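Working notes, structure below.
Every read-out reported here was derived from the displayed coordinates using simple, explicitly stated rules and does not represent laboratory data. Bear in mind the structure is a predicted one, so any value in this text is a computation, not a measurement. Cβ: placed from backbone, ideal geometry, glycine included. Neighbour counts: every protein chain shown.
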Amino acid sequence: MTYEEAPACDRHDSQVRLQLRTMHSDSARPDVLVGLFECPECGHERWLPMKTSYEDSEAAISAA
């Protein structure tokens with residue numbers, strides 16, 4: 001995830017981007033990966049689902 005793709009902190013008027021702190025699997029939904037994001041200016045934290053698709057990535061392996 002690039003800086004431009006990171007979510008913005010909703011506690012600021014300007015576009016302050018959150019930074020990814022950790023990633024976790026959701027025990028209730030094991031197919032979903034969630035990220036803990038933190039604002040570098042105010043410390044506000046948000047849990048957000050993360051895109052986990054390998055399509056069009058170098059790690060993609062075709063199922064031939």
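Observations
- Farthest positive-ward along the stretch 3-50 dipole, Cα basis, beta-carbon charges - from Ser25, Trp47, Pro7: Ser25
- Summing Cβ point charges (Lys, Arg +1; Asp, Glu -1) relative to the Cα centre of the stretch 3-50 gives a dipole of roughly 120 debye.
- Shape category assigned to the stretch 3-50 from the gyration tensor of Cα positions, a/c cut at 1.5: prolate
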